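The values are calculated or read from the model by the stated rules, or taken from the named source; none is laboratory data. The structure presented is a predicted model; accordingly, all values stated were derived computationally and were not measured. Neighbour counts run over all protein chains shown; Cβ positions are idealised from the backbone, glycine included.
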């Protein structure tokens, strides 16, 4: 079983509407604080977080205790302008666990499997076509990956630059996910008891592929 936690900033939209028409600078600064705190408190307990919209965030929490999750949410709430609600779900895949949030919260969890994806030759593509071109390529890749994830049971997130993070059902599912994709990718996959440790291993595998100038998948 996999486990995820989903955090909701209650009445966040209503809060933004109290700030007036010049509100965007305030909103962006608050969201930067939320992003910083989200990654700080959840990785500290071994979870692997990301935001959907800045008023909704998720964390892969395999083998992270409910008390630790609750405390991480409380720490996140310290920098939120509104109340933070959350739920925890479990399922056979990360996507199923997300769909079960608040409905099924089993404490039984298997090792986490996470992928760190990098687009090959993005530096050259940026030099030749500009950063906006590469950004649109990544957004398109993310859309394709998440469409395939609906079948595989994974969830993909944009990390910045040319990097994508994927919550996987298991290490081998990366091959099903990448099958048929028209893109040159380096993919490190990590497996560990806790999700952030799995991501660190995935990044180490990705670094090894980069050093060798290799394309494909390396599982740690």
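Values for this structure:
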item: Qualifying positions in the range 61-71 - assigned to a helix (DSSP H, G or I) and either in contact (Cβ under 8 Å) with a residue 40 or more places away in the chain or not assigned by TED's automatic domain parsing to the domain that holds residue 14 (or both); result: 66, 69
item: Hey, residue 74 touching a residue at least 12 places away in the same chain (Cβ under 8 Å), farther than 22 Å from residue 154 by Cβ and surrounded by fewer than 19 Cβ atoms within 10 Å (Cβ to Cβ) or not; result: no
item: Yes/no for residue 26 being outside any loop (DSSP other than H, G, I, E, B), surrounded by fewer than 18 Cβ atoms within 10 Å (Cβ to Cβ) and not assigned by TED's automatic domain parsing to the domain that holds residue 195; result: yes
item: Filter pass, residue 89 being surrounded by 15 or more Cβ atoms within 10 Å (Cβ to Cβ) and in contact (Cβ under 8 Å) with a residue 12 or more places away in the chain; result: yes
item: Filter result for the condition that a residue is without any contact (Cβ under 8 Å) to a residue 24 or more places away in the chain and not in a loop (DSSP other than H, G, I, E, B), over 32, 57; result: 32
item: Residue satisfying condition, being in contact with a strand residue (DSSP E or B) (Cβ under 6 Å, 6 or more places away or on another chain) and without any contact (Cβ under 8 Å) to a residue 24 or more places away in the chain, within set 170, 100; result: 100
item: Unmet criterion (only one of (1) under 19 Å from residue 2 (Cβ atoms); (2) touching a residue at least 24 places away in the same chain (Cβ under 8 Å)) for residue 52; result: (2)
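For (1) surrounded by fewer than 21 Cβ atoms within 10 Å (Cβ to Cβ); (2) closer than 17 Å to residue 50 by Cα, each residue gets a yes or a no:
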| site | (1), (2) |
| --- | --- |
| 155 | no, yes |
| 161 | yes, yes |
| 170 | yes, no |
| 182 | yes, no |
| 207 | yes, no |
| 214 | yes, no |
